[in-house]
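Laboratory data are not the source of any read-out in this text; all were calculated from the coordinates shown. Everything numeric here is computed off the predicted structure, so don't read it as measured data. Please note: Cβ atoms are built from the backbone with ideal geometry, for glycine as well, and neighbour counts cover all protein chains shown.
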Amino acid sequence: MDTKDRIRLIIEQEGLSQVEFSTKTGIKTSTLSHVLTGRNNASAEVIEKILAAFPKYETGWLVHGDGPMVDPAVRYEDARRRSVPLFQDPLTPDPGLTIPYPSANDTEAPRHTRRIEKVIIYYDDNTYEVLVPSESRTK
């Protein structure tokens, strides 16, 4: 994979068209097109503009294919922002964690809710871990 392929991958990861990517980065559409087709190599200016617009991508990865695609600190922070608590404190119920499901005859019977009781994580070394809510949450 060379630089043009990594640029194309960034465009895909960001869910942008080439025109949208050009607009966000300030790279002329013709310049971007020439880079992506292999007519021209990505200049230092093109690389700088991409990294300025999308700082989460690693310079070494973009230029040489070395290291991770995304800065691990950014990946962690992004995941932390999107995380949802698995087991909510019972005194502050969160309706988003309750999953309604229809009963046998949904039109006549009230709806029931399901709650997470346990989560089992299987590892590639044939071990597993069971996550359960705290004792105060048991039925």
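Net charge around Val46, counting only other residues with Cβ within less than 15 Å of its Cβ (Lys, Arg = +1; Asp, Glu = -1)? Local charge sum for Val46: +3. Label-to-label distance, Asp125 versus Ser43, with points set 7 angstrom from Cα along the beta-carbon direction: 5.1 nm.
What FRET efficiency, computed as 1/(1 + (r/R0)^6) with R0 = 22 Å and r the Cβ-Cβ distance, is obtained for Lys56 and Asp5, rounded to the nearest 0.05?
Numbers: r = 18 Å, r/R0 = 0.84.
Calculated transfer efficiency: 0.75.
With a sphere of radius 15 Å drawn around the Cβ of Gly60, what net charge do the other residues whose Cβ falls strictly inside it have (Lys, Arg +1; Asp, Glu -1)?
Numbers: positive: Arg6, Lys56; negative: Asp2, Glu48, Glu58, Asp66, Asp71.
Summing Lys and Arg as +1 and Asp and Glu as -1 gives -3.
Along the range 26-31 the Karplus relation, 6.51 cos²θ - 1.76 cosθ + 1.60 evaluated at θ = phi - 60°, assigns HN-Hα couplings of x, 8, 4, 4, 5, 4 Hz to successive residues, with x for each Gly and Pro.
Amide H contacts of Val70 (H built 1.01 Å from N, in plane; Pro and chain starts excluded): Glu58 sit under 5 Å, all sequence-distant by 5 or more or on other chains.
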